[in-house]
Structure formats: structure tokens, C-alpha cells
1. Exactly one condition in (1) surrounded by fewer than 19 Cβ atoms within 10 Å (Cβ to Cβ); (2) of a type outside the set (A, V, I, L, M, F, W, C); (3) touching a Leu at 6+ places or on another chain (Cβ under 8 Å); (4) closer than 25 Å to residue 48 by Cβ is not met by residue 160; state its number.
2. From the set of residues in segment 93-117 that are assigned to a helix (DSSP H, G or I) and under 20 Å from residue 159 (Cα atoms), which is most open to solvent (accessible area, probe 1.4 Å)?
3. Taking residue 32 as the residue in question, decide whether it is open to solvent by 40 Å² or more (accessible area, probe 1.4 Å), in a helix (DSSP H, G or I) and either among the hydrophobic types (A, V, I, L, M, F, W, C) or touching a Phe, Trp or Tyr at 6+ places or on another chain (Cβ under 9 Å) (or both).
4. Under the condition of being under 16 Å from the mean Cα position of the chain (by Cα) and not aliphatic (A, V, I, L, M), which residue from segment 192-227 is farthest from residue 241 (Cα to Cα)?
5. Of the residues 44, 62, only one is among the hydroxyl-bearing types (Ser, Thr, Tyr) and surrounded by 24 or more Cβ atoms within 10 Å (Cβ to Cβ); which?
6. Taking the conditions exactly as written (in contact with a strand residue (DSSP E or B) (Cβ under 7 Å, 6 or more places away or on another chain), closer than 30 Å to residue 63 by Cβ and not aromatic (Phe, Trp, Tyr)), does residue 123 satisfy them or not?
7. Tell me which residues, restricted to segment 209-229, are assigned to a strand (DSSP E or B) and surrounded by 15 or more Cβ atoms within 10 Å (Cβ to Cβ).
8. Which condition number does residue 5 fail, the rest of (1) in contact with a helix residue (DSSP H, G or I) (Cβ under 8 Å, 6 or more places away or on another chain); (2) among the polar types (S, T, N, Q); (3) free of Cβ contacts under 8 Å to residues at least 12 places away in the same chain being met?
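The values are calculated or read from the model by the stated rules, or taken from the named source; none is laboratory data. This is a predicted model, so every value here is computed, not measured. All Cβ positions, glycine included, derive from the backbone under ideal geometry; neighbour counts span all protein chains shown. To get the accessible areas, we keep the full protein, side chains included, count just its heavy atoms, and leave off ligands, DNA and RNA. Shrake-Rupley method; radii C 1.70, N 1.55, O 1.52, S 1.80 Å.
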Amino acid sequence: MKIFNFGSLNIDNVYNVQEFVKPGQTIFSDSFQVAAGGKGLNQSIAAARAGASVIHAGCIGSNGAFLADLMQEAGVDISNLLTLDASTGHTVIEVNAAGQNRIIVHGGTNQMLTEDYLDTVLSKAASGDLALLQNETNLIASILLKSHEKGLKIVFNPSPIPRDPASLPLHLVDYFMVNELEAALLADLPPDTPCESILDCLAKKYPRAAITMTLGHNGVLFSHGNVRLSHPVFPVKAVDTTAAGDTFCGYFLAALCRNAPIETALKEASAASAIAVSRPNAAPSIPLYEEVETFLHSF
């Protein structure tokens, strides 16, 4: 089973601050770094480092060559990656002293996928492969429809949350990967709704889908049909949570690709995410599978 990731690639501009800037306020940053990022890139690297066969589909500009190099070094197949005469997608990220983050995304080349390009990539996929997508590229509806028609299992990480989820054919999704806020918005519920109630609503709204809902320091919940599972968070000192969810997603899907039990997928993904948050930056923080095995042996 292969993962075809129609995913974003971003140049992350990371500013470390004591506290997040407030409206109308100007502050100094403690440090500044340029790093590789984008939910798609992070998830591809995480899945590849976890041992999965990953084909990344996406676009970069001429200033994004180092993003392609990083993915290739991680074992991602970048033969379908396009380089366009435009600006690579980028972000402005604030990371505060507690390791929390706030992110602004500019789409750039991530918004330049074409229908013909989708067809070309999907012609190389087989029924039963995974189609992974986030909401940082264009043509989301087309990716969902074309992947379903091809017989792929669809994994959707709706981040940032679509402005009009009802306009997308989300009934075709096989796996939702969401955090607590995304889950509430997707369920059309207030953010302070109890997480079990949010999960009940999503399970009813999308009965064919498996739902994995990460809850930050409260761990993760999983629901599919009559199956309900959970896994606690591994205790670590958080340095930067930027790639936590993406690391979880990649490792979870890699476990699915080797037909591991869901309990194993949740445990390995939680461990990988814990390691990632204990390190700075996005893609560079994602651990190798051997690191996750060593980490788990300590518990």
C-alpha cells in the first residue's frame, strides 16, 4: 500500500517570542529561523521516516528546491513534484515561551495544482492505496472525487478548516485526521463541546469514516463504527508544537500501510508526536522510526 500525498510545501519563517503579539502591538522576537514546512511536506516526511512508501504530489517555486531535497533525503518519492515560475508557499510562525504556536499561511504554488496534473499523478496509483490531502492546496473537491473514482482510500486532514465544508464531498472520506478544534468546527459544534460529544456527532455525520481526533495534552481518541479507542499523551517538555499533528498523521498512516492494529498505530503516532514537540521547528523535529522504538522501550 502506498501513500499519494497531495500536499502543501512551505518555507516556514519562524519567530520565537516570549508572548504572542497582541492587536496593535509591536514586539521583538528572541530569534528567527527559516525552515522547511507545510502540512503536506511534514506528513510525507513523517510517513516516510516511519517506513511507508510515500509519493508526494505538489508544487514549489524556484526558491523551494531545498524542500524537495529534504523530502528526498527522508525517502519520499518526489518524481511527481512540479517546479513553477512562482513563489513557493510560505508561513509566518510565532512560537511562544510555552512552545505553543500561531501560524499564518500564504498559499503560493500550493494553490496552483491543475486537473491534468491530478490525473497524471493518480494514473500511477492502484486501488487500495491511500490518498492523503490537507486543506492547504487548491482543487480539494477534485482530489476527493478523482481519488475515490480510482479506488483509493481517502485520508483528509481538514486544516485549516474549509470555509464551507458542506460544499466538499466529504462523504467520500475514509479517514479524518483532526484536532479537537477542527473536529468541533467540522461537526458544527461550539469549541468547548465535550470531546466525546464531538466524536459522536462526527461519527453520525460521516458513518463510513474512521475518525482520529488528537487532543493535545489529553491524548487522542479514535472512532470507527462500534470501535472506540484512546491513547494518552507521552509526558515530555514541549519546545515547539508546530509539527505535532503532522507527525502523528504520518506515523499513524504508516502503521496502517503495514496493516498494524489501530492500537499500535495510536501508540507509535503518539510517541513520534511526543518526540517532535520536544524539538524546535517543523520537519527537522520529526523522528526516525528507530528513535520511536527506542522511546517506546523507555515506557
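1. Residue 160 satisfies all of (1) surrounded by fewer than 19 Cβ atoms within 10 Å (Cβ to Cβ); (2) of a type outside the set (A, V, I, L, M, F, W, C); (3) touching a Leu at 6+ places or on another chain (Cβ under 8 Å); (4) closer than 25 Å to residue 48 by Cβ except (3).
2. Across segment 93-117, the extreme among qualifying residues is 111.
3. On the way: open to solvent by 40 Å² or more (accessible area, probe 1.4 Å): yes; in a helix (DSSP H, G or I): no; either among the hydrophobic types (A, V, I, L, M, F, W, C) or touching a Phe, Trp or Tyr at 6+ places or on another chain (Cβ under 9 Å) (or both): yes.
It is false that residue 32 is open to solvent by 40 Å² or more (accessible area, probe 1.4 Å), in a helix (DSSP H, G or I) and either among the hydrophobic types (A, V, I, L, M, F, W, C) or touching a Phe, Trp or Tyr at 6+ places or on another chain (Cβ under 9 Å) (or both).
4. The extreme case among them is 212.
5. Working: 62 fails: surrounded by 24 or more Cβ atoms within 10 Å (Cβ to Cβ).
Result of the check over 44, 62: 44.
6. Numbers: in contact with a strand residue (DSSP E or B) (Cβ under 7 Å, 6 or more places away or on another chain): no; closer than 30 Å to residue 63 by Cβ: yes; not aromatic (Phe, Trp, Tyr): yes.
For residue 123, the condition - in contact with a strand residue (DSSP E or B) (Cβ under 7 Å, 6 or more places away or on another chain), closer than 30 Å to residue 63 by Cβ and not aromatic (Phe, Trp, Tyr) - is not met.
7. First pass over segment 209-229, keeping only residues assigned to a strand (DSSP E or B): 210-214, 220-224, 227-229.
Matches in segment 209-229: 210, 211, 212, 213, 214, 220, 221, 222, 223, 224, 229.
8. Condition (3) is where residue 5 drops out.
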